[in-house]
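Below you'll find the structure I mean.
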Amino acid sequence: MVELKIVFLGTAAAIPTFQRGLSSIAIVRGAEILIFDTGEGMQLKYIRSKLGMNKKMKIFITHIHGDHCLGLLGLLQTLSLMGRTKPIEIFGEPRVEEFILANQKILNFNINYQIIVHRIQNEGVLVEEKDYCIKTCFANHSILAFSYLIEEYNRPGIFDVEKARRYGIPEGQLYRLLQHGIDIEYKGRKIFAKNFTGPSRPGRKIGISGDTRPSKKLLQFFTDCDVLVFESTFTEEEKNKAIERFHSTALETSLFAKNANVKKLILTHFSSRYDNLNLIKNEAKINFENVHIAQDLDVINVRYAEKERNTTK
Ligand SMILES: [Zn+2]
């Protein structure tokens, strides 16, 4: 089982507070770190979270409003000063690359490792790794903005050890191959892995909204997520502001999560006007029970679906 956890490095919208930094989320998957947005000063929380300086890393920027991207330069420089050597891949709309290049020129900004920038021009699959992919979809914000989806591929079904024994297959390497869905040959006989494993088991799926109004397009994109991290800048009382500034209210977000059939909803990106986030939480609970209000430095483990865990015991 590969570890999968979400670490909140900044949960405030627009203006930081003493408790909340600007938008940034790290997803730790095994030995890799995926960062979504880099609000100003986010590297402090990154260091406090002890996420490591030299791990394989990809950074995704949802849009180029300052509270989502001004911390990018600080993070890159801090990692360089702390001795990073591995390259970093950065994904964002074309102006993200311009932002980095312009600052490198003005600040004589030196990085000791390679930066590979991918310009996102359209929706679709951005990353295809061995056992997961990352997709993007247009968000509905005041400027060009992207939402992201991390989707693990299906895992092979549960291996039937008893059956393998009955067939006289020796334990060890051959079991491992069958377990991973690979057909083998034993004593001149072809043995098909599918006859020794149960149905394939779904991987985990995490959605990251960035700044957006709820939309039909996103509803389809985020359907059946195990965890959906969605912005909830305002409560319903400020709905006019939410519409005007292309943000969402807690009531809208929770209805969206219910309609998208997600298992867990995590709200983030709160306006600094809310000292008491129970207002947001209570409003969200009207539509959706399994809701969490993100705090900076929160760590949320993402597990396989419940019935999966029962059958693997
Ligand atoms: Zn924004």
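Yes or no: segment 157-176 includes at least one residue that is within 30 Å of Phe60 (Cβ to Cβ), surrounded by fewer than 20 Cβ atoms within 10 Å (Cβ to Cβ) and either at pLDDT 95 or above or out of contact with any helix residue (DSSP H, G or I) (no Cβ under 6 Å at 6 or more places or on another chain) (or both).
Keep residues of segment 157-176 that are within 30 Å of Phe60 (Cβ to Cβ), which gives none.
Checked against the condition, which is being within 30 Å of Phe60 (Cβ to Cβ), surrounded by fewer than 20 Cβ atoms within 10 Å (Cβ to Cβ) and either at pLDDT 95 or above or out of contact with any helix residue (DSSP H, G or I) (no Cβ under 6 Å at 6 or more places or on another chain) (or both), segment 157-176 yields no hits at all.
Select from segment 32-43 the residues that are surrounded by fewer than 24 Cβ atoms within 10 Å (Cβ to Cβ) and either modelled with pLDDT under 95 or within 16 Å of the ligand (Cβ to nearest atom) (or both) and list them in ascending order.
If the condition is that a residue be surrounded by fewer than 24 Cβ atoms within 10 Å (Cβ to Cβ) and either modelled with pLDDT under 95 or within 16 Å of the ligand (Cβ to nearest atom) (or both), then Glu40, Gly41 are the ones that fit.
Surrounded by fewer than 19 Cβ atoms within 10 Å (Cβ to Cβ) and touching a helix residue (DSSP H, G or I) at 6+ places or on another chain (Cβ under 6 Å) - does that describe any residue in segment 186-194?
Looking for residues that are surrounded by fewer than 19 Cβ atoms within 10 Å (Cβ to Cβ) and touching a helix residue (DSSP H, G or I) at 6+ places or on another chain (Cβ under 6 Å), one finds at least one in segment 186-194, hence yes.
To continue, here is another question. Would you check if Glu289 is assigned to a helix (DSSP H, G or I), out of contact with any Phe, Trp or Tyr (no Cβ under 6 Å at 6 or more places or on another chain) and not hydroxyl-bearing (Ser, Thr, Tyr)? Walk me through it before giving the result.
Values: assigned to a helix (DSSP H, G or I): no; out of contact with any Phe, Trp or Tyr (no Cβ under 6 Å at 6 or more places or on another chain): yes; not hydroxyl-bearing (Ser, Thr, Tyr): yes.
Answer is no for this residue.
Follow-up. State which residue is farthest from Gly66 (Cα to Cα) when the search covers only segment 1-17 and only residues that are within 16 Å of the ligand (Cβ to nearest atom) and in a loop (DSSP other than H, G, I, E, B). Give the steps one after another, and end with the answer.
Filtering segment 1-17 for residues within 16 Å of the ligand (Cβ to nearest atom) gives 10-16.
The next check asks that each one be in a loop (DSSP other than H, G, I, E, B); those that pass are 11, 13-16.
Working: Thr11: 14, Ala13: 10, Ala14: 8, Ile15: 10, Pro16: 12 Å.
Among those that are within 16 Å of the ligand (Cβ to nearest atom) and in a loop (DSSP other than H, G, I, E, B), it is Thr11.
For Ile280, indicate whether it is over 21 Å from the mean Cα position of the chain (by Cα), in contact (Cβ under 8 Å) with a residue 24 or more places away in the chain, outside any loop (DSSP other than H, G, I, E, B) and in the same structural domain as Phe146 (by TED's automatic domain parsing). Working first, answer last.
Numbers: over 21 Å from the mean Cα position of the chain (by Cα): yes; in contact (Cβ under 8 Å) with a residue 24 or more places away in the chain: yes; outside any loop (DSSP other than H, G, I, E, B): yes; in the same structural domain as Phe146 (by TED's automatic domain parsing): yes.
Yes, satisfied.
Being among the aliphatic types (A, V, I, L, M) and under 28 Å from Asp131 (Cβ atoms) is the filter; apply it to segment 18-31 and report the residue that is nearest to the ligand (Cβ to nearest atom). First the steps, then the outcome.
Initially, segment 18-31 is screened for residues among the aliphatic types (A, V, I, L, M), giving 22, 25-28, 31.
Checking the rest, the ones that are also under 28 Å from Asp131 (Cβ atoms) come to 25-28, 31.
Working: Ile25: 15, Ala26: 19, Ile27: 20, Val28: 25, Ala31: 31 Å.
Ranking the candidates gives Ile25 first.
Mind checking which residues of segment 224-252 are farther than 22 Å from Lys5 by Cβ, of a type outside the set (A, V, I, L, M, F, W, C) and crowded, with 24+ Cβ neighbours inside 10 Å? Walk me through it before giving the result.
From segment 224-252, those farther than 22 Å from Lys5 by Cβ are 233-252; that's our starting set.
Now drop any that are not of a type outside the set (A, V, I, L, M, F, W, C), which leaves 233, 235-241, 244-245, 247-249, 252.
The answer is Thr233, His247, Ser248, Thr249.
The values are calculated or read from the model by the stated rules, or taken from the named source; none is laboratory data. The model shown is predicted, which means the values in this text are computed figures rather than measured ones. All Cβ positions, glycine included, derive from the backbone under ideal geometry; neighbour counts span all protein chains shown.
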